[in-house]
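A short worksheet on the structure shown next.
All of the numbers you see were taken from the coordinates with simple rules; none came from a lab. Note that the structure is predicted; figures quoted are calculated from it, not measured. Glycine gets a Cβ as well: all are built from the backbone with ideal geometry, and neighbour counts include every protein chain shown.
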Amino acid sequence: MVFVIFILAAALTVFASIKLSQYADVISSKTAMGGMMVGTLLLAGATSLPEVSTSFSAAAIGNADIAVGNMIGSNLFNLFILAGFDFLLRRRRILDRASRNNIYTALLGILLTVLVIMALWLRLDIQILGVGLDALIIAITYIVGMVAINKLPSLDPEAEAVAESEEEPDNPSASLSSKAAIFRFVIAALVILAAGTALSITGDQIAIITGIGSSFIGSFLIAAATSLPEAISVFVALRLSNVNMAVGAILGSNIFNMIILALSDPVYTAGPIMLDVSGANMIIAVGVLIMSLLALLSLYRKESKSTLAYALPSVIILITYFAASYMNFTY
């Protein structure tokens with residue numbers, strides 16, 4: 001029955017995510033927010049709600065490995081999603097067409113990942129007002145980074161228009177007004193949040209029933225399930241030719257996940273949450289760092305002459321994902 005509930009919750013997440021992306025596309029086209037901002041802020045935050053529910057629930061019941069592994073594993077899976085679509089649609093050159101302003105988000109994601117790696121390595125047993133010092137540093141870095149991104153100059157102000165200048169396929173929700181789209185967006189986000197709670201509880205029970213370690217369950221099974229909104233959202237955004245929303249959703253979700261990780265610390269009452277997690281999480285965190293650097297390279301470089309050269313970073317990202325998965329499972 002646990003497996004049935006897990007699958008039903010995942011299916012509900014997929015349906016809500018499809019509607020979420022359609023509403024987000026309407027918001028990006030009928031409000032002052034462009035595709036990148038809608039993807040990085042609205043869509044990234046909404047699709048990360050299952051991670052919020054999962055990590056907070058896991059931290060509350062004292063399962064540090066699922067709470068932390070879910071966040072790091074979700075970032076790994078998100079980059080796998082982006083690279084997978086980029087490789088499959090390599091002739092469309094998604095990352096070449098995306099706004100270079102995504103570089104700012106990618107850099108902040110890399111900095112936050114380095115801080116997580118440092119926290120897993122140093123294992124600091126220091127708390128300030130019940131919050132681990134490492135979690136506090138991650139949270140402050142996130143806030144400062146987001147403020148800085150909003151103040152930094154645009155790297156290519158014309159890219160937004162270029163990326164969305166193609167003839168867009170029909171969006172079933174295109175006739176909605178901006179207010180109606182925002183209202184339905186919120187409803188879909190709440191459905192995703194509820195499904196995320198179910199995924200969290202059943203995932204913890206699956207870890208006990210199967211005897212598979214919580215680190216692996218958190219990093220892969222639950223991370224993959226709670227990343228379904230990102231996968232579906234990117235797929236729908238690309239079908240709607242909204243490249244900036246697709247890329248922004250993945251990169252924005254990865255930095256949003258880091259603040260959730262930091263906020264899980266005070267929910268975990270046994271001490272600093274990073275102190276009690278398995279060393280296997282370090283494998284995943286390093287994998288996220290490598291994949292993030294490759295994604296940054298894809299965004300930063302000038303247009304590649306050949307399709308093979310263009311797709312190479314995405315191929316390496318896909319290989320890194322499977323290598324990290326295998327190493328974590330056999331740890």
Check your understanding: Relative to the Cα centre, what is the charge dipole magnitude of the chain, using +1 at the beta carbon of each Lys and Arg, -1 at the beta carbon of each Asp and Glu, and rounding to the nearest 20 debye?
Key -> 460 debye
Check your understanding: Where does the longest stretch of the chain lie that holds no trypsin sites (Lys or Arg not before Pro) found in a DSSP loop with 11 or fewer other Cβ atoms within 10 Å?
Key -> 1-301
Check your understanding: Modelled label-to-label distance, Asp276 and Phe3, 7 Å Cα→beta-carbon offset: nm?
Key -> 3.0 nm
Practice item. Equivalent ellipsoid semi-axes for the range 63-125, as square roots of 5 times the alpha carbon gyration tensor eigenvalues: give them largest first, rounded to whole Å. Key: 29, 15, 7
Point to revise | Cα lying deepest toward the dipole's positive end in the chain, options Ile283, Ser241, Trp121, charges on Cβ | key: Ser241
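Would you please put 55-65, 316-326 in order of how densely packed they are, using the mean number of other Cβ atoms within 10 angstrom per residue and starting with the highest? Walk me through the intermediate numbers first.
Details: 55-65: 21.8, 316-326: 17.4.
The packing order, highest mean first, is 55-65, 316-326.
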Check your understanding: For the pair Lys30 and Ser306, what calculated FRET efficiency results from E = 1/(1 + (r/R0)^6), where r is the Cβ-Cβ distance and R0 = 41 Å, to the nearest 0.05?
Key -> 0.60
Practice item. State the answer as a single residue: which of Gln22, Ile143, Leu155 lies farthest towards the positive end of the charge dipole of the chain, with beta carbon charges of +1 for Lys and Arg and -1 for Asp and Glu, about the Cα centre. Key: Leu155
Practice item. Calculate how steeply helix 280-300 sits against the longest principal axis of the alpha-carbon atoms of the chain, using the helix alpha-carbon long axis, and give the answer as 0 to 90 degrees to the nearest 10. Key: 20 degrees
Review point. Which angle from 0 to 90°, rounded to the nearest 10, does the C-alpha axis of helix 243-267 make with the longest principal axis of the chain?
Key: 20 degrees
Study note, to complete from the structure: Between the Cα axis of helix 228-239 and the main Cα principal axis of the chain, the angle (0 to 90°, nearest 10) is 10 degrees
Exercise for review: Per DSSP H run of at least 4 residues, take -39500 (n - 2.57); add these up for the chain, divide by its residues and hand me the 222 nm value, nearest 500 deg cm²/dmol.
Suggested key: -24000 deg cm²/dmol
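Over the chain, what lengths in whole Å, largest first, do the semi-axes of the equivalent ellipsoid take, defined as the square roots of 5 times the eigenvalues of the alpha-carbon gyration tensor?
Details: eigenvalues 181, 98, 74 Å².
One finds semi-axes of 30, 22, 19 Å for the chain.
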